[in-house]
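Below is one structure, written out as structure tokens; the observations come after it.
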Amino acid sequence: MTTDLAKFAKDTGVKYFMISFTDLFGGQRAKLVPAQAIADMQEDGAGFAGFATWLDMTPAHPDMLAVPDPSSVIQLPWKPEVAWVAANCVMEGEDVAQTPRNVLRRLIDEAVGEGLHIKTGVEAEFFLLTPEGDQISDPFDTAEKPCYDQQAVMRRYDVVREICDYMLELGWGPYQNDHEDANGQFEMNWDFDDALKTADKHSFFKFMTKSVAEKHGFRATFMPKPVEGLTGNGCHVHVSVWDAPGEKARTNVFAGDGEGPTGEVGLSERGKHFLGGIMKHASALAAITNPTVNSYKRINAPRTVSGATWAPNTVTWTGNNRTHMVRVPGPGRFELRLADGAANPYLLQAVIIAAGLSGIRSKADPGKRYDIDMYAEGHKVRGAPQLPLNMLDALRAYDKDKALKAAMGEEFSSAFVNLKTQEWNSYVSHFTQWEKDNTLDI
């Protein structure tokens, strides 16, 4: 049954709705709509000029209408008179194919058509910085190995507790919060869910974390590598596939004791082929899981202060071993450790499904399982591709991967490559101090 947003407002005391969509660069865009106008907006959508956001459009395009999905509505726990609702973008009566939530919705429907219901959980890491973003907010957070630091997490208890309280209130099932491997870095975990719900929660979590941090006088950032020499912000994704959505799920399609290296760690044949798709398309999907120039400062980082980057640089998979791109920590699921904090919440889920479906359809093999410590013995691996060295390499890999581009949608792929190439060109044309330091006296 569809939620009537006008009735929702009346029942909850909501005065305004944020009708929100996420653009190709992960920017969250919204219009603030009074509750008295929400009935019309629920039917027709709120109007946006797509060109004014990071979508591949021109000023001549018609209005893009963001139609709220009432099943996603969330009353802001820190400002209860406002509700956030994710929207699906349409133009002249048709879904805008390049918009991230529409890309994900289409791929979910494809998977459902094959009896596959993808459930995922994300581990979103973030830093708490000073408002200017140039320093860690806690001057006493200086340990060489700060991961799980009891004193440091309690010095930011007010922020962490408030966010966790809100997740409890929203029924997300948060189950652990910790200080992560970098000074000033934190991670908060909540229960896995159907892929679209996880993407909506991930999107809202970033908004909520930034809002609460600002309230306390800090700045939260999900930037992949905000501090040189420290571990970057990952966004690990745990993936499993089930026989039905939501609470109707009974059987984990990925769970099984199949043959070979994947069977030994508890993946079924379908799980094996889904993982095979991830491995097959890894270099290309990096353009989406690691979408910024800064992303490759995390993937290809030198040894950090703590002793490990906790980020992969090679396309390998393993059992319960955190030094690889993919690990299988237990039967029936795997963890993709490639993505970083800049990943678009919707495109992240979409590209995993696209690669996985490709793998199932082609019966892709994930290749050899490596159980070595990649940080200490990675040089011993022969034949496994290196992940892209920079954003341009990733974009080129994506542009060459015709199967993945088609799965993500040609309109989306064209728009994404076009705008991201513009971003790369802007980056390389930027004049830096490094150039002066290294060239002035030549």
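The values are calculated or read from the model by the stated rules, or taken from the named source; none is laboratory data. This structure is a prediction, so every number in the text was calculated from the model and none was measured. Cβ coordinates were reconstructed from backbone atoms using ideal geometry, including for glycine residues, and neighbour counts include every protein chain displayed. Surface areas here come from the heavy atoms of the whole protein model, side chains and all, with no ligands, DNA or RNA. Shrake-Rupley method; radii C 1.70, N 1.55, O 1.52, S 1.80 Å.
Overview of values
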quantity	calculated
Solvent-free Debye scattering, log10 I(q)/I(0), computed from the Cα coordinates of the chain at q = 0.06, 0.07, 0.13, 0.14 Å⁻¹	-0.25, -0.34, -1.26, -1.46
Measure of compaction for segment 259-383 (Cα Rg per 2.2 N^0.38 Å)	1.03
Trypsin sites (Lys or Arg not before Pro) within segment 286-348: DSSP coil, no more than 11 neighbouring Cβ in 10 Å	Arg303
Qualifying chymotrypsin sites (Phe, Trp or Tyr not before Pro) in segment 52-123, DSSP loop, other Cβ atoms within 10 Å at most 13	Trp78
Label point distance in nm, Asp134-Glu114, each placed 7 Å from Cα along Cα→Cβ	5.1 nm
In nm, spacing of pseudo-spin labels at Glu228 and Leu389 (7 Å Cα→C-beta vector)	2.0 nm
For segment 114-182: accessible area per residue (Å², 1.4 Å)	49 Å²
Selection from Ala255, Phe48, Ala301 lying farthest towards where the dipole of the chain points positive, charges on Cβ	Ala255
FRET efficiency estimate (nearest 0.05) - Cβ-Cβ, Arg250 to Asp165, R0 41 angstrom	0.80
Cβ-based charge dipole, the chain, positive-most Cα from Val73, Ala286, Val326	Val326
Ratio of the Cα radius of gyration of segment 342-442 to 2.2 N^0.38 Å, where N counts its residues	1.44
Mean accessible surface per residue for segment 214-260, computed with a 1.4 Å probe while every protein chain stays in place, in Å²	50 Å²
Helical segments meeting 24 Å axial Cα length and Kyte-Doolittle -0.5 threshold in the chain (DSSP H)	195-215, 345-362
Percent RCO, i.e. relative contact order, over segment 1-106, from Cα pairs under 8 Å lying at least 6 residues apart	28 percent
Accessible area in square angstrom per residue, segment 271-429, 1.4 angstrom probe	37 Å²
R0 of 60 Å, Cβ-Cβ distance Ala39-Asn300: FRET efficiency to nearest 0.05	0.70
Accessible area of the chain belonging to carbon and sulfur atoms, whole % at 1.4 Å probe	51 percent
Ranked by how many other beta carbons lie within 10 Å on average, peptides 119-130, 206-217 from highest	119-130, 206-217
FRET efficiency, Ala49 to Gln422 (Cβ-Cβ, R0 22 Å, nearest 0.05)	0.75
Largest to smallest principal axis extent of the C-alpha atoms in segment 361-406, angstrom	36, 30, 13
